[in-house]
Amino acid sequence: MKTLWKALIVAALHLAIVLSLGGKLLYDRAHRPRIWVRTAGLDPNLPIRGRYFTLSLEVHAPGMAEFKEKYRYDAQYVRLTVENGQLTAYPSDPSTGMYLLKWGRPEQADPDIYFLYPGVTFFLPEHAQTPILKPREALWAEVTVLRKGPPRPIQLALKKGTQWIPLNYL
């Protein structure tokens, strides 16, 4: 077999791998639930990796406080679902790779709200403006909730009261 044919076969295999990954991402976005989730924890610029946000997603975890008191765990692995318009976490095995921490709670009255760890990463274009939050503003992320693995962020928006302001990255 000539070198040209070998090179074309390798290039076709690489193209097939890239297209299959893109197809999976598009399929997930079309068929898996999408939801807006409040976020916390911004890390907008690390020179080694470029410009990105590391977002800790706020999840509703009913009964998690009692579970943690009963078993005395510092971290609890969870699986994610969408219920009643909220990202909801339930106890699971470590294969999910996602967990809630006892100390990872926002300062608010609802005892069933926790932050998901590890955070999800949202990359920004090089020349995009970094959003600066003002008082009474919250950064929200629209995410695709997958069967396995962490949610995949799609876009970001600011929420001022009841008004949504999608962020433009151009």
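The values are calculated or read from the model by the stated rules, or taken from the named source; none is laboratory data. What you are looking at is a predicted structure, and each value in this text was computed from that prediction instead of being measured. No Cβ is skipped: glycine too gets one built from the backbone with ideal geometry, and neighbour counts run over all protein chains shown. Only protein heavy atoms, including side chains, enter the accessible area calculation; ligands, DNA and RNA are left aside. Shrake-Rupley method; radii C 1.70, N 1.55, O 1.52, S 1.80 Å.
Couplings for the stretch 154-163, taken from phi via the Karplus curve 6.51 cos²θ - 1.76 cosθ + 1.60 with θ = phi - 60°, read 10, 8, 10, 8, 9, 10, 10, x, 10, 9 Hz in order; Gly and Pro are left as x. Mind giving me the FRET efficiency for GLN163 and SER95? R0 is 30 Å, r the Cβ-Cβ distance, nearest 0.05 is fine. Result of the calculation: an efficiency of 0.15.
Provide the net charge surrounding LEU21, with neighbours chosen by a C-beta distance below 14 Å and charges set as Lys +1, Arg +1, Asp -1, Glu -1.
Every neighbour counted, the sum reads +2.
Phi-derived couplings, Karplus 6.51 cos²θ - 1.76 cosθ + 1.60 at θ = phi - 60°, listed residue by residue for the stretch 139-144: 8, 10, 10, 8, 10, 9 Hz, with x used for Gly and Pro.
With a Förster radius of 30 Å applied to the C-beta separation of ARG147 and VAL10, the computed FRET efficiency comes to 0.40. If Lys and Arg each add +1 and Asp and Glu each add -1, what is the summed charge of the other residues whose beta carbon sits under 13 Å from the beta carbon of SER92? That sum, taken over residues with Cβ under 13 Å, equals +2. For ALA61, the amide hydrogen comes within under 5 Å of the amide hydrogens of ALA89, ILE113, TYR114, counting only partners 5 or more places away or on other chains and with H modelled in the peptide plane. Near the amide H of TYR99, within less than 5 Å, lie the amide hydrogens of VAL78, TYR117, all on another chain or at least 5 residues away, with H placed in the peptide plane. Close amide H pairs (under 5 Å, H built 1.01 Å from N) link LEU167 with LEU156, ALA157, LEU158, residues at least 5 positions away or on another chain. Here SER20 sits with roughly 70 square angstrom of accessible surface, probe radius 1.4 Å. The accessible surface of the stretch 114-170, taken with every protein chain in place and a 1.4 Å probe, is 56 percent carbon and sulfur.
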